[in-house]
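Readers should treat all values here as calculations from the given coordinates under stated rules, not as data from a laboratory. These numbers come from a predicted model, not from an experiment. Positions of Cβ are backbone-derived with ideal geometry, glycine not excepted, and every protein chain shown enters the neighbour counts.
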Amino acid sequence: MPAATETTYREALQKSMFEEMDKNADIFLMGEDIGRYEGTFKVTKGFFPKYGTRRVVDTPITEAGFMGIATGAAMAGLRPIVEFMTMSFSILALDQIINHTAKIHYMSNGIVKCPIVIRGPGGAAKQLSAQHSHSLDGWYAHVPGLKVVAPATVQDVYGMLKTAIADDNPVVFYEHPRLYAMKGTLPDHEYSIPFGKAQILKEGKDISLVGYSLMSQINLAAAELLAKDGIDAEVVDIRSLLPLDTETIYRSVRKTHRAVVVYEDWKSGSFGSEIHSRISEDCFDDLDGPVGRVGGLNVPMPYSRVLELEAVTNEHHVVAAVRKLL
Amino acid sequence: MAKQAVKNSTESPAVLEQYYRDMVFLRHFEEKCNLAYRQGKVGGYMHTYIGMEALAVGWLESIKKGYDYVITAYRDHAHALLLGTDPVAVMAELMGRKDGTAGGKGGSMHLFDPERGFYGGWGIVGGHIPLGAGLAFASKYREEDRITLNFMGDGASNQGVVFETLNMAGLWDLPCIFIVENNEFAMGTRLEYHAADPELWKRGIPFDIKSERIDGMDVIQMKNDAQRIVDWVRENQKPYWVEVMTYRYAGHGAADQDRQLYRTKEEEASAWKRDPIKRLEAILLERKILTPETVEAIDAEIIEQVDKIYDAADASPHPDPSEVYDNIYTDMDVEKGH
Ligand SMILES: Cc1ncc(C[n+]2csc(CCOP(=O)(O)OP(=O)(O)O)c2C)c(N)n1
Ligand SMILES: [Mg+2]
């Protein structure tokens, strides 16, 4: 058996970044409170003492500005990893990311590259209310020129961050605040996981539950509940939104003949809707019924825990959606 | 320095005692909030005003409450309470209850009370600064003599949108006072690590805005300076940029357990020597406006008052789950369901 270590999602991110930063001095970190304060979610703990102010750059609270500076540095050949304290704050830098970072390579017809990783926690943590709980993964996955990934497991977050750092294109690396403390086993050898490859987290024959990030864990929990009722659900974790591995999704749907797409984002107009429409279009003949969809309520995130629990997608919503279809 | 302020002060003993009571009330209220957070009755992000009380008291005692406009960031309990927002509603909002200022939808960071001129309560650092200038735009548009107090942190003063707003405020003569609550830290980042020139008071100058730095730890001085500036802005209908020097004794928010990462215990201890409450207390004792006995009695009275606020808030029910859909629009519903 290969050696493996139990570790958290957070530690897996750290390990991945340490290994890459040790190998390549062009890689540096930039963001708010990431150095001396070790990061709000402690993802960059240990980096400042090791690499110092040159490679771990604490910024003022100026998202648009430092996103642009990191992009400029990437144009000049450095490889920045930009942390947004939460992805909700990346909204302030959208002009840089969408109008600048994402378009440089195309507008220059390939002569200017922009190797940059934009990472941070996105989605609802707990009671952070309306301005701090956005799921923006779908916004980014809408933009040609960006790659967007959202790992759901300890193994993936490690291996996909490696790929993100090695990529010569801008990558939006979506973490989830509710996954940071999740434990898993990490092989002791170095590896990377290519983008554009979905995976089956649990095999099943009755219905495909399709999701990414935290929702893949929610789908696993839903599959357990469904198993008690004798329903054998397959959990498809897409991992990478852009590029999207439709083949793995379709293969699962062709096997189970039914699918529910699960996401945390607002239900209307989300990336989940995109996956839903792809399955509906391309697997029409294989489906035994309409494709289901479970998303977050179409409301700004409320503060009250009672209301927040109403708004955020959970495994019971998934189970209810499956029951409706079967 | 404190004595100096007393000599210059024209406040009556009753007014000085009221400042004292206001500050002690804010202190105990915030400590109760911290307790409620530790008990799990309050969640999410919650930021207290402990150490900064003199600043808010000085400014809010200088305006026409309910007429002038006030806006701030997420460290907002003091502003709402001093404007007269029902403290039970504030505490209930922190607890996410039905009788909270926003029925539990906003929480600690998003208090609103427009009837008293309070327009929030904002969580995106720097994001509300143009909104504050917009309030001033509206009062100017209507040819009223309202002024707007637009509070922000030292960290917030770096956001690009702040400079954009200052330019327009200067260009259009908006009657808005931009107040930087310089408590020396932006979360875990010390002023000198986030500002190229830590003399933040200078930032209004390029926009032809009157600018100055004042002390926010001496409530009497704070009030005198604030009143002078408020009167000037009302009279001249032009903006003002003020850096007020203060300190937050608490962590950044209730979730910040890592103060040692950005400051030492010694630094905190020496900052406590500037405690604005103790400072006024010394003056009141010296002037025999209060005695050690009345100081104790006031403290006990306010603690009891805050206990009652807490109990009343805690008696408020949680919102009904169906309320999740209420008030997204004025006139329509969203599509329901997951
Ligand atoms: C746009 C944005 N970026 C980052 C944050 C996270 N954050 C919340 S408060 C804060 C520090 C703000 O410091 P300052 O403006 O000095 O206000 P203080 O907390 O000291 O009152 C940060 C970085 C945020 N809420 N919004
Ligand atoms: Mg500050």
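Details
- When the residues of region B:153-163 are filtered to those that are within 8 Å of ligand 1 (Cβ to nearest atom) and of a type in the set (Gly, Ala, Ser), the one that is nearest to the chain's Cα centre (by Cα) is B:153.
- Conditions (1) within 17 Å of the chain's Cα centre (by Cα); (2) within 14 Å of another protein chain (Cβ to nearest Cβ); (3) surrounded by fewer than 22 Cβ atoms within 10 Å (Cβ to Cβ); number of the one not met by residue B:31: (2)
- Qualifying strands (runs of 3 or more DSSP E) (wholly inside region A:97-187; at least 2 residues being closer than 27 Å to residue B:127 by Cβ): A:117-121, A:171-175
- Residue in region B:46-59 that is farthest from residue B:184 (Cα to Cα), counting only those that are buried (at least 24 other Cβ atoms within 10 Å of the Cβ) and either touching a His at 6+ places or on another chain (Cβ under 9 Å) or within 13 Å of chain A (Cβ to nearest Cβ) (or both): B:59
- Matching helices (runs of 4 or more DSSP H) fully within region A:1-90 where at least 2 residues are touching a Cys at 6+ places or on another chain (Cβ under 7 Å) and either among the polar types (S, T, N, Q) or more than 16 Å from ligand 1 (Cβ to nearest atom) (or both): A:63-75
- Residue ID - surrounded by the most Cβ atoms within 10 Å (Cβ to Cβ), chosen from residues in region A:161-173 that are under 21 Å from residue A:90 (Cα atoms) and in contact with a Phe, Trp or Tyr (Cβ under 7 Å, 6 or more places away or on another chain): A:172
- Residue within region A:26-34 that is more than 9 Å from every other protein chain (Cβ to nearest Cβ), under 23 Å from residue A:150 (Cβ atoms) and either surrounded by fewer than 21 Cβ atoms within 10 Å (Cβ to Cβ) or within 16 Å of ligand 2 (Cβ to nearest atom) (or both) present: yes
- Selection within region A:110-134 - on the phi > 0 side of the Ramachandran plot and either away from ligand 1 (no atom under 14 Å from the Cβ) or of a type in the set (Val, Ile, Thr) (or both): A:110, A:123, A:127
- Residues that are among the hydrophobic types (A, V, I, L, M, F, W, C) and outside any helix (DSSP H, G or I) within region B:9-43 comprise just one, B:42.
- Some residue of region B:77-89 being away from ligand 2 (no atom under 16 Å from the Cβ) and of a type in the set (S, T, N, Q): yes
- Odd one out for residue B:252 among (1) buried (at least 18 other Cβ atoms within 10 Å of the Cβ); (2) touching a helix residue (DSSP H, G or I) at 6+ places or on another chain (Cβ under 6 Å): (2)
This table checks each residue for (1) β-branched (Val, Ile, Thr); (2) touching an Asp or Glu at 6+ places or on another chain (Cβ under 8 Å); (3) crowded, with 18+ Cβ neighbours inside 10 Å.
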| residue | (1), (2), (3) |
| --- | --- |
| A:181 | no, no, no |
| A:185 | yes, yes, no |
| A:194 | no, no, no |
| A:203 | no, yes, no |
| A:207 | yes, yes, yes |
| A:212 | no, yes, yes |
| A:217 | no, no, yes |
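- Qualifying residue in region B:95-108 (condition: under 20 Å from the mean Cα position of the chain (by Cα) and either among the hydroxyl-bearing types (Ser, Thr, Tyr) or within 16 Å of ligand 2 (Cβ to nearest atom) (or both)): yes
- Which listed residue is within 16 Å of ligand 2 (Cβ to nearest atom) and more than 11 Å from chain A (Cβ to nearest Cβ), from B:184, B:143, B:115: B:184
- Region B:261-323 holds helices (runs of 4 or more DSSP H) entirely within its bounds, and those carrying 1 or more residues that are crowded, with 16+ Cβ neighbours inside 10 Å and not small (Gly, Ala, Ser) map to B:276-286, B:292-315.
- Members of region B:246-271 that are more than 12 Å from every other protein chain (Cβ to nearest Cβ) and more than 11 Å from ligand 2 (Cβ to nearest atom): B:249, B:250, B:264, B:265, B:266, B:267, B:268, B:269, B:270, B:271
- With respect to the stated conditions, residue B:329 is among the hydroxyl-bearing types (Ser, Thr, Tyr), closer than 30 Å to residue A:260 by Cβ and surrounded by fewer than 17 Cβ atoms within 10 Å (Cβ to Cβ).
- Some residue of region B:164-185 being within 13 Å of ligand 1 (Cβ to nearest atom), assigned to a loop (DSSP other than H, G, I, E, B) and more than 25 Å from residue B:66 (Cβ to Cβ): yes
Residue-wise test of (1) touching a strand residue (DSSP E or B) at 6+ places or on another chain (Cβ under 7 Å); (2) away from chain A (no Cβ under 14 Å); (3) under 30 Å from residue B:260 (Cα atoms); (4) in contact (Cβ under 8 Å) with a residue 12 or more places away in the chain.
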position	(1), (2), (3), (4)
B:193	yes, no, yes, no
B:198	no, no, yes, no
B:201	yes, yes, yes, yes
B:207	no, yes, no, yes
B:212	yes, yes, no, yes
B:216	yes, yes, yes, yes
B:223	no, yes, no, yes
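- Scanning region B:164-181 for residues that are away from ligand 2 (no atom under 15 Å from the Cβ), in contact (Cβ under 8 Å) with a residue 40 or more places away in the chain and crowded, with 17+ Cβ neighbours inside 10 Å yields B:166, B:169, B:170, B:174, B:175, B:176, B:177.
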